[in-house]
Structure formats: C-alpha cells, structure tokens
Amino acid sequence: MLPDSSPFSPDQRKALDSLLAGFDALQRGWLSGFLASGSTAPAATAAPASAGKLTVLYGTESGNSEELADRAMKDAKKRGFKAVMKNMADIAPADLAKTENLLVIVSTWGDGEAPETAVGFHKDFMSEDVKLAGVKFSVCALGDTSYEQFCEIGKQFDSRLEKLGATRIAPRADCDVDYEDTYSEWYAAAMKELAPAAPEPVAAVHAGSGAIPTVAYGKKNPFLSEVYENVILNGERSEKETIHVELSLAGSGLNYEPGDALAVLPTNCPSMIKDILNAAKLSGTEEIEVKGLGKKLLADALREDYDITALSKAVLKKLAAATDSTTLAELLEEDAKDKLREYINGREIVDAIADFAPKGLSAEALTGIFRKLPVRLYSIASSPLAHPEEVHLTVAAVRYETYGRIRKGVCSTFLADVAKTGESVPVFVQPNKNFRLPADGNTPIIMVGPGTGVAPFRSFVEHRAAVGADGKNWLFFGDQRYTYDFLYQLEWQDFLKNGNLSKLDLAFSRDQPEKVYVQDKMLANGEELYKWLEDGAHFYVCGDATRMAADVHEALISIVENYGAKSREDAEEYVENLKKTKRYQRDVY
Ligand SMILES: Cc1cc2nc3c(=O)[nH]c(=O)nc-3n(C[C@H](O)[C@H](O)[C@H](O)COP(=O)(O)OP(=O)(O)OC[C@H]3O[C@@H](n4cnc5c(N)ncnc54)[C@H](O)[C@@H]3O)c2cc1C
Ligand SMILES: NC(=O)c1ccc[n+]([C@@H]2O[C@H](COP(=O)([O-])OP(=O)(O)OC[C@H]3O[C@@H](n4cnc5c(N)ncnc54)[C@H](OP(=O)(O)O)[C@@H]3O)[C@@H](O)[C@H]2O)c1
Ligand SMILES: Cc1cc2nc3c(=O)[nH]c(=O)nc-3n(C[C@H](O)[C@H](O)[C@H](O)COP(=O)(O)O)c2cc1C
C-alpha cells in the first residue's frame, strides 16, 4: 500500500496500489513456478550451443504481430539462437543485408495496406534494391478473411524477399483473425528448417510482451467484467446510437494506459441464431464437436463460438464445397471478382445459406463454413487515474438495413442491448504502444477525434488532468448535430473551464446545409495549428479510417505547406517526419 503521505490523491493511490498488486501477484506467480521447477536459474541455461543469428521482423498496428514476434524471439533464444526482434518502424531495408535468418510477421490494414507504423519501411522495401542473397526467410502474414485484400502485405513481403535473392525456408502462412494454430504451425515449420537438430525449448512461453507485466488475461481466458453503467450519449432525436459503457476491473489486476484498447468477446444475437438455424433447416439441439472445446449443442456453439455473420470469399468457398450450387461455383471463378464483391456487399452468411443451400445443411456442414468468433477492440475512453479499477468505452451501435433485413453489428449491439448494468462481459486489455501521450507532460497535444474517435482523448485529457501535466491540450471533435450528438459535452466544457483543455473546435456536420468536418476546422485554424507543431506538439487522430483519417492527413499536409511556406513535397516530408518521430499517431478503424 502506498502511504497517505505519498504525493497522490486517494483515487490515484487506489489506482497505483491496484497496479502494484497486479505486478506483485505476477512476481509471486513467477517465483512460485520457478521454485516448484527446482531450477537454479531461468530457463535460458537449458539452451544449446549457438544455433546462429535470427531476426524476427514485425510490422503491427494493434499489437498482434508484435506479440507473436516477441513469442518467436523468446522461443528461438531458448533454442540457442542469438535472436533479436525488430520493429519495421525502427529500421531501414539495408539493415537486413547482414541478417542470416529472418522471420517476418506482418499484418495488413486499411484496404490491403501496411500497418500504420510500417508504411515507410514497406514502401522502401518494395522499391529499394537490397541484396539479400544468403538470407533465409519465412513470412507469417496476419489478416482477416473478411477483407478482400486478405494478408496482402505479408504476400508482398514474401514475394519481394524472394525477388531480392533471399531463400524461403518455409511457406508463407496466411492467418485469419484466429491466428494461434496457423502461427504455431508456421513457426514449427520454420524452426524445423532453421534448427533441425536443436532440442525443443524447455519452458512454456507466456503471452504478453510489454515491459510492464500485465496479468495474463487474453482471448482464451478473458476477465469477466461487471457492467457498472451503460448509457446512451445521444439525445432522443439523434440519428446516432452511441453508448458509454463503464466496466469494472476490480480484483482483476488488469491495468492499462491511455491509448490502449479493450478487447470484448461478444456472443451472437438469439434472433440471428434462429435465422441461421431456419436457413440451414436445423433445430439447434444437434450435438456437434467444437475444435478445442469438445461436444456442444449446436445452438450454444452458434451463440458462443462461431462467426455466424461476416460473409467473405473464404466462407463462400467452404459453402461451395458443402453444396452443389453451380451459381455459387460460378461466382467464385477467377474472372467473376466484381460479381463476387457485389454479392458480398451488404449481405451476411444467412443470405448465402438461403441462396445457395436452399435444402439446408447438416450440422457439421454448417459449422464447417464458420470461423471462430473474433474479439472486437474498443479504444479505452477513461484514465486509470481518474477511474481506478474501471474502464470506459464509447461505442457506436451498428444497425442498418440491406436486402430487406435489419442487420446488427455483433459486438456493438451486444454491448448496447445485452451488456446492461449488472451483467458481465468477457474482456482483456490490448496494449497499443503506438498511441501514447508524450512522456513529457509539458508537450502540447492536438487531438482530432470525430464520433467515437473522441474516446481515447477523454482518456488523454483525464489523465493529464490527474497527473497535473502543464502541456496544452487542443481537441477537434465533430459529429452530426450539436444538440443531440455532442458526446461528453459537459465534461469538455468543465475541462475547458478549469484549464485542462486549452482549445476545443467543433464540427457538427448536419447543422447547416453544407457539411462541416473536423478537417475544415483544422484548416480554418491552420496558422495556429502549424505554430503548435513548430512548438513540438504531438498530433493524434482517432476514428473512421476509410474517409476521415485520409482527409485529416491531407488537411495536415496542406496546413504545413501553407503556413510553413513549403513545397508540397517538403510538407509531405515534414508530416512523414512527424510520424517517424512518433509525434503523429493514429488509432483508426
Ligand atoms: C483499434 C480499434 C479501436 C476501435 N475503437 C472503437 C471505439 O472506440 N468505438 C467504436 O464504436 N468502435 C471502435 N472500433 C470498431 C469496433 O472494433 C467494431 O469494429 C465495431 O464496433 C463494429 O463491430 P460489430 O461487431 O458491432 O459489427 P460487425 O458484426 O463486425 O459488423 C460490421 C460490418 O458490418 C458492415 N456494415 C456496417 N455498416 C454497414 C452499412 N451501413 N451498410 C452495409 N454494411 C455495413 C460492414 O461490413 C462492417 O465491417 C475500433 C476498432 C479498432 C480496430
Ligand atoms: N469501416 C467502417 O465500416 C466504419 C468505420 C468507422 C465508422 N463506421 C460506422 O460509423 C458509425 C458511427 O461511427 P462514429 O460514431 O465513430 O462516427 P462517424 O460515422 O465516423 O461520424 C462522425 C462525424 O464524422 C463526420 N464525417 C463523415 N465523413 C467524414 C470525413 N470524410 N471527414 C471527417 N469527418 C467526416 C460525420 O458526418 P456525416 O455523417 O454527417 O457525413 C460525423 O459528423 C458506426 O456505425 C460505425 O460502424 C464504419
Ligand atoms: C480497420 C482494419 C482494416 C483491416 N484491413 C485488413 C485487410 O485489408 N486485409 C487483411 O487481411 N486484414 C485486415 N485487417 C485485419 C488485421 O490485419 C488483423 O486484425 C491483424 O491480426 C492485426 O494485426 P496487428 O495487431 O499486428 O496489426 C484489418 C483490421 C482492421 C481493424
């Protein structure tokens, strides 16, 4: 326990005590495991003589590739490799020339683009002529089969490495969101080639890679968090449904930093389960085997284990194998890509079953077309210092109508409709080292967060207020209408009044005939914004990736061009340099 005399408020002391308790529990867990093993030194002593040098190169946006790279590096060390892990954000292609063995783990974002932190490296690697003869490599690509450009960036690295003269020692693995098994098989195959004689490592590998130990809650063992509060933030006549959810972390030992995300494990909606069962002509009482979980009733598995909504080419391919539909087979032909895209757009799995398996499916055939239900990430909207042992989220409920059916986003409507006060929600923290407040509290920050993009900035401003940081804070917020959609209005006005927020610029898009967006407000304040940048401000963007983030990026370049009296090329370089020095960070989705 921190003493009362420590320089923290009671709430801050509570938060720090909880953080230290988590750390302590972890230390004790490690210590007892260590003593029980009868070891006299950590597992590293069991490693064989050097198996050579190994570089694990990763490119990540939400941390998955980094976590796997960390795991690969630690395991390789136990196998006797001199293993290092390198972030694509920190190196240049030429740095790879001296590598002996190279494992690349990289995700794909946007629409077939490199993850935010790897954009520069990817661009250079695809164009620079680096000689990589003598380098042995293998690529593990992370992605999501519901995107058309599945694992595109991993595919590009794989072929470019070969083109530059490197030798592929194990085939590329293309991982869907449930990447554990594919990753493990890929890693084992690569190790078989790189270190065939090396013994298997002796110690188990633990998840989690940060310097601060986090209690090992994850996808397989989430923390069941009680919902403290679940309220709609929009006014009654709003067209939006944005909810504020407060969840308990009490007793979990879980901690987080502003910028991190919370992963939520939803369950599927009963009406969708009913529709799927009707389309497949099944009752739900059939017993099925769920991989890794054993036997279950079909209806339970549809609720808890499978992604029963997201339609993709991968799902349609599996459905084609389970049916004799010639129409579906034609849709999947190489030259029917446009037709396939058009079919998938706005449809869900239930539509495809009705269209291509009109006689229904067996329970096994039905579950065979699904992948595991993926977790969803939400940017954390609270500071642990302002709300000890709690975590808050700002969630836009996804509801729309296509092809005559009302559609509901799985997780956002689970949070809106099911996760009511008093209920429990399975969660874990997903750290995001690429979206962090400046280490120096005096550094000014500019935050651009329309819609739910405002979430992490509530956390940032609360946190800076709690630690008494002196740096100036400028927020650009936007949404549809001032009267109904000014999320956290009273809190921002309080922060303005007491000086924790220095400037607030608002863009309500539908309050006037012409749309006004956050980037319009940036441009209108361009001179001052540029001055803040010149004074060392960090620039943050959160929210919609498809349109907003690109438009804000463009506005930033044009501000630098106009007020920094630079050519377009120099302005682009200035902004690129902000990224490289981690002064321009984005959390977009
Ligand atoms: C790092 C990160 C942070 C995030 N932070 C937040 C946050 O703070 N708040 C937040 O609300 N979300 C956030 N998200 C998004 C969130 O993770 C989910 O993607 C979102 O809630 C939708 O999930 P869902 O399960 O409700 O919808 P899903 O069941 O996954 O369905 C979404 C899909 O529905 C389809 N769709 C949606 N609208 C339409 C439409 N109008 N017409 C046709 N098709 C449509 C699209 O195919 C879309 O991909 C974040 C995502 C990431 C990666
Ligand atoms: N990839 C996706 O499918 C995706 C990504 C993000 C959000 N969404 C969906 O959008 C819904 C709500 O998201 P949200 O609450 O975060 O807000 P949002 O829909 O992103 O809207 C917030 C504000 O941003 C404005 N906006 C629209 N286009 C913009 C642009 N190019 N540049 C700057 N601002 C722009 C909107 O104006 P107008 O609406 O008046 O134009 C609105 O005022 C959710 O249902 C979510 O699923 C989908
Ligand atoms: C906004 C967004 C866009 C994505 N775009 C793609 C894509 O185009 N292709 C793909 O295969 N995966 C895509 N993904 C899935 C990610 O690659 C996947 O979640 C991966 O595990 C992330 O790994 P990381 O945490 O290392 O970045 C996308 C995910 C999000 C949230």
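The values are calculated or read from the model by the stated rules, or taken from the named source; none is laboratory data. Every value quoted in this text rests on a predicted model; they were computed, and no experiment measured them. Here the Cβ positions follow ideal geometry from the backbone for every residue, glycine too, while neighbour counts run over all protein chains shown. Areas reflect the complete protein model, heavy atoms only, side chains present, ligands, DNA and RNA absent. Shrake-Rupley method; radii C 1.70, N 1.55, O 1.52, S 1.80 Å.
Report, for the chain, the % of DSSP beta bridges that are antiparallel, rounded to 5. Please list the in-between numbers first.
Working: 37 of 81 bridges.
DSSP beta bridges in the chain are roughly 45 percent antiparallel.
Å³ per residue of the Cα convex hull, for the stretch 475-521? Present the calculation step by step, with values, prior to reporting the outcome.
Details: hull volume 2.9 nm³, N = 47.
Cα-based convex hull of the stretch 475-521, divided per residue, equals 62 Å³.
For the chain, what is the Kirkwood estimate of the hydrodynamic radius, computed as the reciprocal of the mean inverse distance between distinct Cα atoms, to one decimal in Å? It would help to have the intermediate numbers written out before the result.
Working: mean 1/r = 0.0383 Å⁻¹.
In the chain this quantity evaluates to 26.1 Å.
Given Cα pairs under 8 Å that are at least 6 residues apart, what percent is the relative contact order of the chain? Don't skip to the end; give the middle numbers.
Numbers: 1099 pairs, mean separation 76.2, N = 589.
Reported as a whole number, the value is 13 percent.
Provide the per residue accessible area, probe 1.4 Å, for the chain, rounded to a whole number of square angstrom. Walk me through the numbers on the way to the answer.
Details: 27550 Å² over 589 residues.
With the other protein chains kept in place, the chain gives 47 Å² per residue.
Filter the GluC sites (Glu not before Pro) in the stretch 90-132 to those in DSSP coil with at most 12 other Cβ atoms within 10 Å of their Cβ, and list the result.
Within the stretch 90-132, the qualifying GluC sites (Glu not before Pro) (loop, at most 12 other Cβ atoms within 10 Å) are GLU128.
Would you mind checking the pairs LYS131/LYS155; LYS77/LYS433; LYS74/LYS123; LYS219/LYS420; LYS274/LYS408; LYS296/LYS372 and listing those with alpha carbons more than 26 angstrom apart?
On the way: LYS131/LYS155 19 Å; LYS77/LYS433 24 Å; LYS74/LYS123 29 Å; LYS219/LYS420 22 Å; LYS274/LYS408 14 Å; LYS296/LYS372 15 Å.
Flagged as over cut-off: LYS74/LYS123.
Based on the mean of other Cβ atoms within 10 Å per residue, sort peptides 322-330, 393-401 so the most packed one is first. Write down the numbers at each step before the final one.
Numbers: 322-330: 15.2, 393-401: 17.9.
Sorting 322-330, 393-401 by mean packing, highest first, produces 393-401, 322-330.
Could the peptides 452-465, 171-184 be put in order, highest first, of the mean number of other beta-carbon atoms found within 10 Å of their residues?
Values: 452-465: 25.4, 171-184: 18.3.
Descending packing order for the listed peptides: 452-465, 171-184.
Just the projected area, averaged over all directions, of the convex hull on the alpha carbon atoms of the stretch 414-529: how many nm²? All intermediate terms of the calculation are to be shown ahead of the outcome.
On the way: hull surface 38.4 nm².
Across all orientations, the stretch 414-529 yields a mean hull projection of 9.6 nm².
Relative contact order of the stretch 47-109: what whole-number percent is it, with Cα pairs under 8 angstrom and at least 6 residues apart?
Working: 104 pairs, mean separation 31.6, N = 63.
Relative contact order for the stretch 47-109 comes out at 50 percent.
How much of the accessible area of the chain, in percent, comes from carbon and sulfur atoms when a 1.4 Å probe is used?
On the way: 14210 of 27550 Å².
Carbon-and-sulfur percentage of accessible area, whole number: 52.
According to a simple spin-label model (label point 7 Å from Cα along Cα-to-Cβ), what is the distance in nm between LYS580 and GLU514?
Modelled inter-label distance: 3.8 nm.
Distance in nm between label sites at GLU334 and SER362, each 7 Å beyond Cα in the beta-carbon direction?
About 3.3 nm separates the two model spin labels.
What is the sum of charges, Lys and Arg at +1 and Asp and Glu at -1, for the other residues whose Cβ falls under 15 Å from the Cβ of GLU229? It would help to have the intermediate numbers written out before the result.
Details: positive: LYS420, ARG458; negative: GLU226, GLU246, GLU389, GLU390, GLU423, GLU491.
So the surrounding residues net to -4.
When each pair of different Cα atoms in the stretch 352-431 is counted once in the 1/r mean, what is the Kirkwood radius in angstroms, to one decimal?
Details: mean 1/r = 0.0621 Å⁻¹.
By the Kirkwood definition, the hydrodynamic radius is 16.1 Å.
Do the sum for the chain: with -39,500 (n - 2.57) for every DSSP H run of n ≥ 4, divided by all residues, what is the mean residue ellipticity at 222 nm, to the nearest 500 deg cm²/dmol?
Numbers: 20 runs with 209 residues, N = 589.
Helices in the chain give a 222 nm mean residue ellipticity of -10500 deg cm²/dmol.
Within 12 Å, Cβ to Cβ, of GLU561, how many net charges do the neighbouring residues add up to if Lys/Arg are +1 and Asp/Glu are -1?
Values: positive: LYS566, ARG568; negative: GLU554, GLU569, ASP570, GLU572, GLU573.
Taking every Cβ under 12 Å from that of GLU561, the sum is -3.
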